[in-house]
Every structure is written in C-alpha cells, then in structure tokens.
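Following: one structure in structure tokens, then a few remarks.
The values are calculated or read from the model by the stated rules, or taken from the named source; none is laboratory data. The model shown is predicted, which means the values in this text are computed figures rather than measured ones. Here the Cβ positions follow ideal geometry from the backbone for every residue, glycine too, while neighbour counts run over all protein chains shown. Ligands, DNA and RNA are stripped out before the accessible areas are found, and what is left, the full protein with its side chains, is counted by its heavy atoms. Shrake-Rupley method; radii C 1.70, N 1.55, O 1.52, S 1.80 Å.
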Amino acid sequence: MLPFQTSNPLSPPFILLVDDTPSVLYSTRKILTYYNFKVTTARNAEEALAEVKKTTFDLVVCDINLPGRNGLDFLNELKSYDPGIASVVMTGSANSTAALAIEAMKSGALGFVTKPFSNTQLIESVNTALEQARLVRDSLQTEFYTGMLENLCSALLNTMEGDEASSEGSSQRVALFSRAIATGLRLSADEVFQIYLAGLFHDIGKIGVPDHILRKTGPLTAEEVYEIARHPELGAKIVEQAHGMGTAANFIMHHHEWYDGTGYPQGLAGTAIPLGSRIIAIADVYEELTSKRVYAPSRTHLEAIVEIGAGKGNQFDPEIVDLALKVIEEELLRS
C-alpha cells in the first residue's frame, strides 16, 4: 500500500493526528510515518485547533470521542478554519460509537476506521480521504478563479462591445443558452458547468484582435480574416491558465469548427469536435444573428431559427440543432 501521491513528491501529505490515548497516538503515528506521511499530534480538540490555526494540514485523523468536546463539534469547527481539509475519524467497536461515526461522516468526515485497525485499513482510509479532499479543493479553487474570470470577462467584453448597447451581455447570453442546451441533453452537472464556463468566455480571445478589425463594417482582407480566426486559440490559452478550466478551454478552442470540417482552427469534423463546442457553436450563432453588430443588422428570432436550421449537417451537428433551438426559445420565454 503506497501513500497518497501529491503533485509535489518532495512534499508528502501533512496529517494532524488527534487522540487522548498515548498508546494510540504512538502506534498510529508510527504507521503513518512508515508510509512517509508527515505527522503532528494533538491530545485534544483545543490543541488540534491551535495547530490548524498556524499550519495547513492535508488531513486530520481524530478520535470521535475527544476529552471535553464532542467529536462532531470539533469537525464542524475545523471546517470554519479550512473548508477543504479532509478528516478521518477513529471509532470504538460499540454500536453506539459506530452510529456516531456515521453522523461524523455527515458532518464532513471522509472516512473512518474502527479500533483496533490494521495498517492497511488505516492507510486505505487515509488515501481515499485525501483523494476526495483534493477534488473538494479543486472545486473551491475553480469557483474562486471562475469569479475572478467572470469579472475580467465582463469588463473586457463590455469594453470591446461598448459602442453597441444591445450587444452588452452577449457572452452571458451565450453561456445561458449553452447551459440550457447541455441540460436538455442530460449531460452531467460537471459537463454542464464546463460548457457554461466556455460559453461565458468563448470570445475572450478577441482581446488579442486589433480593435479596428473587430469594428470594421466592410469586407475583411485575408490578413484580417486570419487575425479574427486566431481568437479561439487565444481565448483557450487565456482560460486554460486557470485551475480546473482545461475542459472549458478545449471547448473554446473549437467553438468555430464546422460539422462538415470547413471551420477553424483545426478543421475538425463531426463528433471529432467536442460536444461542448458543438453546443456553443449553435448558441453563439443565434446570439450573433439576433444582436446588433457593427457589421450586420440584427435578425428576428424566427429568421435566426430558419438560418440555423438550414445549417444542419454542414455548420451544425444535425443531432442537436432541433433540441438546441427549442431550448433557446424556452430560455427566452423564462427571461
């Protein structure tokens, strides 16, 4: 049984071990250090909380019955200091203690072991809890970066679209339409979220396109077309730098691919185009057609539906066009 592998092999997971029985502290610490975990010990909740305030731990392993404080209260207070920290509880074998351990799991514990436990039981529980905690921390970091990027995206796109009042909020509408389509296709919550993010940031790469090209009303030169065609790749490079945004970046990269392979930047065709990109392509074109632009008048809802329907099989995935248009219409009725 190997210890949990962190992204930095030179920095093994740091565990806080809490138990009021010296023999349990000694034996459990010995097991954990044998498997190359770093361990700090505490004999009660007060000592443990003092350690948490001054040190960042990857995991807390604690007895469910701590002196002077219920283990559930300790776990709840622990979360107020570090919402992403993992915890494993150690329990006795009595039924009442097992029931308490289940309540601890509801309070955020990611695993428990029953005393006396084997080395394998302890390490398996610790590794599982650390992996689940990593996913929690990834989610928290994604929410953090998403908030920052939403503000950045709104500011940048409003600057680019500032002369066109009706186009303000365009990216937000593409994101909402894309999310509604993905939900209608019964995709997983994570897929829906990544598609929403990609819809929100799909045109952020336009910050790298000269302003005079974006606002040009006449025909574009070959060089200007090339500059415009770079924006999906530029946008993907911007977004992929944020933690947890790699999937969204890939959707952004390919949202101008055409189903028949004549799109850009890579000329992908059919299902080789990521599903999220195929969804955003429909939402983006609908928004483009129905919004006021410097280079074209806006179309009516019906005109946009007819034009997108005509693109089945060449520009758009024919399997999702009808559903996408129905969902967009429902989304408009709700707004």
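Hey, can you rank 119-131, 18-30, 228-240, 192-204 by average C-beta count inside 10 Å, highest first?
Top of the packing list down: 192-204, 228-240, 119-131, 18-30.
Please calculate how many Å² of accessible area region 208-325 carries per residue, with a 1.4 Å probe and no DNA, RNA or ligand atoms counted.
Per-residue accessible area for region 208-325 comes out at 47 Å².
Using +1 on the beta carbon of Lys and Arg, -1 on that of Asp and Glu, and nothing else charged, what's the dipole of region 166-241 about the Cα centre, debye to 20?
Here region 166-241 has a charge dipole of around 220 debye.
Among 303-311, 215-223, what's the highest-first ranking by average C-beta atoms within 10 angstrom per residue?
303-311, 215-223
In region 222-272, what percent of the accessible surface is made up of carbon and sulfur (1.4 Å probe, ligands and nucleic acids excluded)?
Roughly 52 percent, rounded to a whole number.
Which loop chymotrypsin sites (Phe, Trp or Tyr not before Pro) in region 236-335, with loop taken from DSSP, have no more than 14 other Cβ atoms within 10 angstrom of their Cβ?
Loop-located and lightly packed - Y295.
Lysines within cross-link reach of K312: Cα-Cα under 23 Å, excluding same-chain residues under 8 positions apart?
In chain and number order, the partners are K326.
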